[in-house]
DNA sequence: GGCTATTTGTAGCCTAGGCTACATTTGCCT
DNA sequence: AGGCAAATGTAGCCTAGGCTACAAATAGCC
């Protein structure tokens, strides 16, 4: 059973949650900049379906934590650290997404679930998923 | 790419988070009652590594939401709805855990990761995992 | 029956992450 | 240049989930 030593597991889930929003935001910021040159608060508000006020304060936390830089009424820029986080986060997201597809999850569901799952996947599990996708796409689907 | 129609995905992740703690708590309460007959706030505080005050208030929310019943200085009881949630949550947790093992994730990591992942697994993905575990344990490990 | 340790309860504080309402700034268009 | 719409900022409020410190109840143990 998976029921022993529950102690540290929940602590890790809690700490995961603290970085989740940061990861989602830098990912979205990087995507938006790639897609349209700049990223504004209003773009994020649309993507996350929250008010611009919420975006504003989240961006404030990201700036405090060193992931983005902003100036009043100016678009949002990623710092070096922000770019790094966006890249690893995006890579992990993609692996989880491809993995779900590989085990037979429909595309739309895989897109949704990977969004929630990615933040809780340890490097070991990610490697297992990556390896699985690799062998599956080589041998599998003829 | 997994980058289109991001809109509703984040909304679902947020709503998942709202039920996460409830699921973890009823699961832990059910486990504890099975293991030692009753479940007290202090047991949960130990398991989740939080203060008893935090447990107290979380239990208050669970009671408000109809998952548990409590009386001052008395142990915690699950309602019918609480039992139902605990059962489905536990089943889902177990499937995710076995699934991670099946793709080669080490036991300890699988235990930790499944704790975070389980709350974001849709019925479709869960079914895909369950099916995978089934075929893997039939054909696989000799 | 009374003492002490454990367990619960209560008060009050904090951060994250949501919101509405209103003010201000920018940018565009004529 | 003037004016309007969109974007951003600010004030203030809410819930969830953390915490410490202190108060009260319960349970064991003499």
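When only residues in the range A:13-45 that are facing chain B (nearest Cβ under 9 Å) and touching a helix residue (DSSP H, G or I) at 6+ places or on another chain (Cβ under 6 Å) count, which is modelled with the highest pLDDT? Before you say what the answer is, go through the steps one by one.
Taking the range A:13-45 and keeping what is facing chain B (nearest Cβ under 9 Å), we get A:13-14, A:16-17, A:20, A:24, A:28, A:31, A:35.
Next cut, touching a helix residue (DSSP H, G or I) at 6+ places or on another chain (Cβ under 6 Å) only: A:13, A:16, A:20, A:28.
Details: A:13: 95, A:16: 93, A:20: 95, A:28: 98.
Here the answer is A:28.
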Requested in this report: Would you please list the contacts, defined by Cβ atoms under 6 Å and residues six or more apart or on different chains, that run from a residue in the range A:28-57 that is closer than 16 Å to residue A:86 by Cα to a residue that is away from DNA strand C (no atom under 13 Å from the Cβ) and assigned to a helix (DSSP H, G or I)?
Outcome: A:30/A:86; A:32/A:43; A:39/A:29; A:39/A:32; A:39/A:33
Report summary line: The residue from A:135, A:112, A:70, A:79 that alone is within 18 Å of residue B:120 (Cβ to Cβ) and without any contact (Cβ under 8 Å) to a residue 40 or more places away in the chain is A:112
Requested in this report: Look at the range A:100-142 and say how many of its residues are within 26 Å of residue A:12 (Cβ to Cβ) and either more than 20 Å from the chain's Cα centre (by Cα) or surrounded by fewer than 16 Cβ atoms within 10 Å (Cβ to Cβ) (or both).
Outcome: 5
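Select from the range A:73-82 the residues that are crowded, with 17+ Cβ neighbours inside 10 Å and within 16 Å of DNA strand C (Cβ to nearest atom) and write down the one among them that is nearest to the other protein chains (Cβ to nearest Cβ).
A:76
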Report summary line: Restricted to the range B:46-64 and to residues being touching a helix residue (DSSP H, G or I) at 6+ places or on another chain (Cβ under 7 Å) and within 9 Å of DNA strand C (Cβ to nearest atom), the residue nearest to residue B:79 (Cα to Cα) is B:59
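Results for (1) closer than 27 Å to residue B:116 by Cα; (2) within 11 Å of DNA strand D (Cβ to nearest atom); (3) surrounded by 12 or more Cβ atoms within 10 Å (Cβ to Cβ), shown as yes or no for each residue.
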site	(1), (2), (3)
A:18	yes, yes, no
A:23	yes, no, yes
A:35	no, no, no
A:43	no, yes, yes
A:56	no, yes, yes
A:59	yes, yes, yes
A:71	no, yes, no
**Report entry** Residue list for the range B:116-130, filter: at the interface with another protein chain (Cβ under 7 Å from one of its Cβ atoms) and more than 20 Å from residue A:122 (Cβ to Cβ)
**Finding:** B:122, B:124, B:128
Query raised in the report: Among (1) closer than 30 Å to residue B:97 by Cα; (2) more than 9 Å from chain B (Cβ to nearest Cβ); (3) surrounded by 16 or more Cβ atoms within 10 Å (Cβ to Cβ), which single condition is residue A:88 missing?
Result: (3)
Query raised in the report: Which one of the conditions (1) more than 14 Å from chain B (Cβ to nearest Cβ); (2) within 10 Å of DNA strand C (Cβ to nearest atom) does residue A:70 fail to meet, given that it meets all the rest?
Result: (2)
Report task. Answer yes or no: is there a residue in the range A:83-103 that is within 16 Å of DNA strand C (Cβ to nearest atom) and closer than 28 Å to residue B:115 by Cβ. Result -> yes
Query - Condition met for residue B:48 (at the interface with chain A (Cβ under 10 Å from one of its Cβ atoms), within 14 Å of DNA strand D (Cβ to nearest atom) and at pLDDT 95 or above) - result: yes
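The values are calculated or read from the model by the stated rules, or taken from the named source; none is laboratory data. As the structure is a computational prediction, the values presented were derived from the model and not from experiment. When we count neighbours, we look across all protein chains shown, and the Cβ atoms used for this are built from the backbone with ideal geometry, even at glycine.
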